[in-house]
Structures are given as structure tokens and as C-alpha cells.
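Below: one structure, written as C-alpha cells.
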Amino acid sequence: MRPVYVAGVWMTLFAKQPARTLKELTDEAVRGALQDAGVEAREVEACYFANAVAGSITGQEMVAGQVLLRPLGLQGVPVFNVENACASASSAFHLAWQAVGAGLCDVALAVGAEKMTHPDKARSFAAIGGSVDVDTIPPDLPADHSFLMDLYAGAALDYMEASGATVEDFAAVVVKNQLHGMRNPLAQYGSELSVAEVLSSRLIVAPFTLLMCSPISDGAAAAVLVSPEVARRLGRTTRVAASTVRSAGDGIKVSELAALGAYAMAGLGPKDVHCAEVHEAAASAELILYEQLGFAPVGEGPALIRSGATRLGGALPVNTSGGLLARGHPIGATGLAQIYEAVCQAGGRCGERQVEGARVTMAHNAGGWGEGDNLVSVVHIFVAD
């Protein structure tokens, strides 16, 4: 595999945007990424389009990539539609990385776009439910939230018992990520909150309050990946040091498995990472992922959040974008939004949320749920050469 570089990235605002169509969101993200990269649509040789639930919301169940990209001049080239639950967009990026790295093309486009909002919230919740084995879905689903939060809550309670984590620790994750979201103009939310305010928000399912759960969102993000020759021509220096996708198995947790593979590929370790975007669909997940990604020893996730190290200005800022909790979580676009942040951090382009000296950045994305763990995990490491 030859080296692969990221020439350009873009993302839309993440928010509940009922008036914006999937075509409009895709158009903005793709045009922005191409302009950021300094390439024309005619130079793109392969496209990987990610989406998870918009088919259930809009009715465009098939050939979404072909339908949405053709008006942008992306036609006559391979277009692949990618679905991998919440890890769809990072999986699309991985496939684009493979194509460029293998020498099959010099310029590839990865896109993630999602529409989740619907006047009938039950329809949105039902679409999200497709990220598990549907034969296991209970008949009496909650009316006010996705039942996946019930599954995450069970994992959170187990983690509290094993690690000594408290609801105050989960609330501290929310406080941090909402504060980071204030510095991200594309984030769905962002505010100065106290732990007490997080804990007093509406109870969803114990131990989670509303603010501990990622919101329903609409949005899109895109990235242009290029060969070393094209990167030199464009003056781009952010390299994909690692791209790993793993599916769940017995024993080791899937995100730990993906992280170990990424560190080995990059020739780096957790201590080399300057900042990271991690997949905290619920607040407890961030603490669990501190451990699975090697940022904290087993059982020490609570100590890491309490130390302040993962805030902006700390030793290892995590979710500088606001994370899923504040930036938002349009399922099929989230992975590329994380990559957008990681690439911008490595390039020194994040303005008031920039991590000083960031050269090695990580994006961790996960999707699906079964038997107490995510079913897929994707880890990318970027290095500013």
C-alpha cells in the first residue's frame, strides 16, 4: 500500500433540519470538500457514499449515491453505497483509502449524508433500531427514545459497578463536550452547563438523563483522498497513518481490537496521540473508550475525566468538536465529521478549539450493538508530515 493523503474535507451544520433535503446536504458537503482540496469533480475516479437510516425516512432505499452525486458532475465512475450503521461514513473513508492506497485511483471521494428527522419521532426511533439484530427487538418499545439507549444504559450500569464510575462522571463528559461544542460553529449544541444541570435534565433511562444521550440530527460530511503525487501537486501534507475496521468477536472488545490494529499500522501508541474524536453515543461510552483506546488503564476512565486531561487545554483533549453529544449524531455522516475534525486539528485549522501542537490525531467511530458491545469499530490516525 502506498501512502494516502487527505486533500480536502468539509461538513455541513449538524442539526435538526427538516427543511433541508438529503440532496442539499450532500451538495454542500461535496462541493465544499472538492473546493477545499483544490480538485474538480472530473478528477474524482471513485466515490464511496455512506448512509444508514435516510432510506427509511425519505424512501430512497437504493442507489442513493448515484442519485445524489450525479448532479454534482460525479458520473461515469464507480459509486459504491456503504452502510455500516453508525460507522457507515468512516467505513466509506476506509474503502476510499484502500482504493487510493492500492493504486486503483489517484483521487477518491468519501461522503456521509443523513436525514433522521421526521414529524413522527417513532419513525426515526424505528429506523435507528435497525442497527441491532431485529429478531431481538422487544415488542414493547419505548415511545420517547430509541431503545438503543436502554442497551447502552445496561452497559453503563455494568461499567459503573466495575470501575466505580458515577453519574457525576457521565455528567462531566457532557459538560466538557458541550463546552467544546460552543467553539464549533457547525455543532448542533454547545453551552456552559454544570454537572447539576445535566443531572436535572429529564430522565431517559437510568442512569442517563436527556443531555447524556446523543441527539437526532441531519447533516453531511465529505473528504477527498489522494495519492502522494497528487498531494505534492496540491501541497497537502496530512497523511492517513492508519485505517482499520474490525467486527465484533469473542473476547476482546471491538474498539480495542480496532485501536490495536491502528497503532500497529501507524507505528505509534496511545501516548503519541495529541487529540481524539471518539464515538460517545451516550456519555458513559466516552469513559469506556478512554480505556479501550489505551488512553487510560482498565477501570481508570473515571479518573481521566476527573483529571481534566481530556478538556481543551488538557494533556489529551477528546471530542474537541463537541462529540456526538454536542456536535450531533446524524448516523450515516458522523464518522466523516469526526475525520473532518481530526484532519483540521492536524492541519491547525480549528480556530479557537485548536489543540496546540497537534500533529497526530485520531478518529474513532463505532456502530451497531449486540451482546454488550458495538458490532463494528473503525479507527483512523492522521499525521501532519
Quiz item: In terms of the Cα gyration tensor, with a ≥ b ≥ c the square roots of its eigenvalues, is the range 249-385 rounded because a/c is under 1.5, prolate because a/b exceeds b/c, or oblate?
Solution: rounded
Self-check item: Read-out semi-axes √(5λ) of the Cα gyration tensor in Å, derived from the coordinates shown; its label in [x] 30, 24, 19; [y] 35, 28, 22; [z] 37, 24, 20
Solution: [x]
Quiz prompt | Dipole magnitude (debye, nearest 20) for the range 1-44, charges at Cβ of Lys, Arg, Asp, Glu | solution = 160
Self-check item: Cα-Cα pairs of the range 103-157 separated by more than 14 Å (percent)
Solution: 65
Quiz item: Along the Cα-to-Cβ line of residue 121, 7 Å from the Cα, sits a label point; which residues in the range 208-228 have backbone N less than 15 Å from it?
Solution: 209-217
Self-check item: Dipole magnitude of the range 1-132, debye to nearest 20 (Cβ charges: Lys/Arg +1, Asp/Glu -1, about Cα centre)
Solution: 300
Quiz item: Taking only protein heavy atoms and a 1.4 Å probe, what accessible area per residue, in Å², does the range 284-343 have with all protein chains in place?
Solution: 23
Quiz prompt | Most mobile listed residue (88, 227, 194) in the chain, GNM with C-alpha springs under 10 Å | solution = 194
Quiz item: Of 265, 362, 116, which is the most mobile in a GNM of the chain whose springs link Cα atoms less than 10 angstrom apart?
Solution: 265
Quiz item: Stretched out fully, how many nm does the piece from residue 202 to residue 237 gain, at 0.36 nm a residue minus the Cα gap?
Solution: 8.0 nm
Quiz item: What is the distance in Å between the Cα centres of the range 316-367 and the range 218-272?
Solution: 13
Quiz item: Accessible area per residue, 1.4 Å probe, Å², for the range 3-118: what's the number?
Solution: 39
Practice problem: Could you work out how far apart the two model spin labels at residue 272 and residue 157 are, taking each label as a point 7 Å from the Cα in the direction of the beta carbon, and quote it in nm? | Solution: 4.1
Quiz item: Hey, any idea what % of the range 305-385's accessible area is carbon plus sulfur with a 1.4 Å probe?
Solution: 46
Quiz item: What's log10 of I(q)/I(0) for the range 122-187 at q = 0.12, 0.18, 0.26 Å⁻¹, Debye sum over Cα points only, no solvent?
Solution: -0.49, -0.89, -1.01
Quiz item: For the range 19-63, what % of the accessible area comes from carbon and sulfur atoms, probe 1.4 Å?
Solution: 46
Self-check item: Size of charge dipole - the chain - debye, nearest 20, with Cβ of Lys, Arg +1 and Asp, Glu -1, no other charges
Solution: 1160
Quiz prompt | Ellipticity estimate at 222 nm from DSSP helix runs (n ≥ 4, -39,500 (n - 2.57)) divided over the chain, nearest 500 | solution = -10500 deg cm²/dmol
Quiz item: Once all Cα-Cα distances of the range 1-154 are split into 10 Å bins that start at 0, what whole-number percent is in each one?
Solution: 10, 37, 30, 17, 6, 0
Practice problem: Among the listed pairs 23/271; 16/271; 121/176; 23/176, give every one whose C-alpha distance is greater than 31 Å. | Solution: 23/271; 16/271; 23/176
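The values are calculated or read from the model by the stated rules, or taken from the named source; none is laboratory data. Everything numeric here is computed off the predicted structure, so don't read it as measured data. FYI the Cβ positions are ideal-geometry reconstructions off the backbone, even for glycines, and counts take in every protein chain you see. Heavy atoms of the whole protein, side chains included, go into the accessibility calculation; ligands, DNA and RNA do not. Shrake-Rupley method; radii C 1.70, N 1.55, O 1.52, S 1.80 Å.
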